[in-house]
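> Take this structure, written in structure tokens, and hold onto it; I'll ask about it next.
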Amino acid sequence: MGLEKLIVPGKSLKSQSSSSIDKATSSIHSRSSSSFNNDTPLDTDDIDEDDESGQSILLNIISQLKPGCDLSRITLPTFILEKKSMLERITNSLQFPDILMDAHSDPDELQRFIKVVKFYLAGWHIAPKAVKKPLNPVLGEHFTCYWDLPNKQQAFYVAEQTRHHPPESAYFYMIPESSIRIDGIVVPKSRFLGNSSAAMMDGLTVLKFLDIKDSTGKEPCEKYTLTQPNMYARGILFGKMRFELGDHMLIKGPRYTVDILFKTKGFISGSYDHIEGNIKDRNGKDLYTISGKWNDIMYIKDLSDPKNKKTVFFDTHKNKTFKPKVRPIEEQGQYESRRLWKKVTDALAKRDHEVATEEKFKIEDYQRELAKKRLEDDVEFHPKLFRKVEPGQDLNFYIYKHIPSGRDYEKQIKSILEVAPILPGQAFTSNFEKPGYKKYEMEEKAKEHQLAMKH
């Protein structure tokens, strides 16, 4: 049974000429649910519910669970699933590009760091109102999107599932004309903890301001590394379900660091969603303190003078998000997230969990068949859009394509668009199906040939 039988019909992979990339570069259901005023449709991602047969989550999964077990191997009921793949959900943290560009343009290194912290803290509140888990991407699944920014620039995002057990997602984001680049790996390791489940968020985000020199001289440009807080779903067996962020998030720049503690509520005392942390210099001196709630209002206080009072750092209710744009379904390939999961997400939107479960099983069963065949044929899986790098770098996967440095932004954008279709109207290149490491090797050989011809 081929994957094409599992998803909606669409265009097959087509060859793409450089002219189509240039053209793209220049162009820069649901059953009705109502809100209380019967006006605004209610997103099913915001509804906490049991399945329609009346069984609780307990009856669905209790037979599979043991404390500490890996939830990535557990079949979860579809009614706790978000209508979005993890590859797309990562973009929640990228929906405040105005803060990021403001950080990049600030001439003061400490203020740049503070604004990077604000940018990274800003996106965590973007989530369904109900406790929902994003869809686990299948191996080789990919997702692309773009932003038309207020300053007429564009941002681009590419992500791919590079491993299935444990799940690992690699992603790339860039605003070429602002010389901002982000690379990252997300490795959510799920655990059952009794009445809670946890996603222990391994992985790392690497942010670079490509046109700013590293003040310490240790890196080619100014670099920040950022970790993620862990995620907890409380009350999955009894009581009211609730989502919490917990534990530490560490951000390191060339000269400054911050360790933000996301506090979880205690069984008897405490409150939800609080954060606290101090921005420190390289000598460990406290410069600023950050407090408040990550899903409400966050505050910052300058510690240089005891008389200083805390001020609003970020208000989640007032700041505008910039949502990414995605190519139409009919232009997407078979392994692009929205097309791949369309039958599942359509059923979830209608709260038809029987169909959602059936369609989800078809996709996952086909993946098991593919894994079995790879094992029988002794064939290793290789991502198409990312390549594995040697140990010693910040991440183990980077986008395969070399993105030129400097200020030739058109050339940079063209290189990004050659990785995969991102803008509407783009088609797939003839090399798309080749593994990322092979495409990288082809490019390196081409560079060597060009260099030899010059001499």
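The values are calculated or read from the model by the stated rules, or taken from the named source; none is laboratory data. Computed from a prediction, not measured in an experiment: that's the story for all the values here. FYI the Cβ positions are ideal-geometry reconstructions off the backbone, even for glycines, and counts take in every protein chain you see.
Residue by residue, here is whether (1) buried (at least 21 other Cβ atoms within 10 Å of the Cβ); (2) assigned to a strand (DSSP E or B) holds:
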site	(1), (2)
Ile99	no, no
Pro107	no, no
Lys118	no, no
Gly123	no, no
Gly140	no, no
Phe143	yes, yes
Trp147	no, yes
Pro166	no, no
Glu177	no, no
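> Output the helices (runs of 4 or more DSSP H) that fall wholly within the stretch 339-455 and possess 1 or more residues being among the basic types (Lys, Arg), closer than 29 Å to Asp202 by Cα and in contact with a Phe, Trp or Tyr (Cβ under 9 Å, 6 or more places away or on another chain), or say none.
Passing ranges, in order: 353-377, 436-454.
> Does the stretch 193-213 include one or more residues that are modelled with pLDDT of 95 or more, surrounded by fewer than 21 Cβ atoms within 10 Å (Cβ to Cβ) and among the polar types (S, T, N, Q)?
The answer is no, given that none of the residues of the stretch 193-213 is modelled with pLDDT of 95 or more, surrounded by fewer than 21 Cβ atoms within 10 Å (Cβ to Cβ) and among the polar types (S, T, N, Q).
> Filter the stretch 416-455 for residues that are polar (S, T, N, Q) and out of contact with any helix residue (DSSP H, G or I) (no Cβ under 9 Å at 6 or more places or on another chain); which is surrounded by the fewest Cβ atoms within 10 Å (Cβ to Cβ)?
Applying the filter and picking the extreme gives Gln450.
> If you don't mind, there's one more thing I want to ask. Which condition does Lys411 not pass, out of (1) under 22 Å from the mean Cα position of the chain (by Cα); (2) at pLDDT 95 or above; (3) not aromatic (Phe, Trp, Tyr), if it passes all the others?
Every listed condition holds for Lys411 apart from (1).
> Exactly one condition in (1) polar (S, T, N, Q); (2) modelled with pLDDT of 95 or more; (3) touching a Lys or Arg at 6+ places or on another chain (Cβ under 8 Å); (4) surrounded by fewer than 16 Cβ atoms within 10 Å (Cβ to Cβ) is not met by Thr257; state its number.
Condition not satisfied by Thr257: (4).
> Here is a list: Thr264, Thr257. Which entry is closer than 22 Å to Leu207 by Cα and among the hydroxyl-bearing types (Ser, Thr, Tyr)?
Values: Thr264 fails: closer than 22 Å to Leu207 by Cα.
Unique residue meeting the criteria: Thr257.
> Still on this structure: Name, by its number, the condition in (1) surrounded by 14 or more Cβ atoms within 10 Å (Cβ to Cβ); (2) under 21 Å from Phe143 (Cα atoms) that does not hold for Val389.
Every condition holds for Val389 apart from (2).
> For Asn283, state whether it is in contact with a Lys or Arg (Cβ under 7 Å, 6 or more places away or on another chain), part of a loop (DSSP other than H, G, I, E, B), surrounded by fewer than 19 Cβ atoms within 10 Å (Cβ to Cβ) and at pLDDT 95 or above.
No.
> Let me ask something else. Of the conditions (1) over 22 Å from the mean Cα position of the chain (by Cα); (2) under 30 Å from Lys208 (Cα atoms); (3) of a type outside the set (Gly, Ala, Ser), Asp352 fails just one. Which one is it?
(2)
> Test Arg234 against the stated conditions and say whether it is over 23 Å from the mean Cα position of the chain (by Cα) and either crowded, with 21+ Cβ neighbours inside 10 Å or not aromatic (Phe, Trp, Tyr) (or both).
No, not satisfied.
> Inspect all residues belonging to the stretch 215-224 and state whether any of them is buried (at least 21 other Cβ atoms within 10 Å of the Cβ) and either more than 29 Å from Met101 (Cβ to Cβ) or within 15 Å of the chain's Cα centre (by Cα) (or both).
For the stretch 215-224, residues buried (at least 21 other Cβ atoms within 10 Å of the Cβ) and either more than 29 Å from Met101 (Cβ to Cβ) or within 15 Å of the chain's Cα centre (by Cα) (or both): absent.
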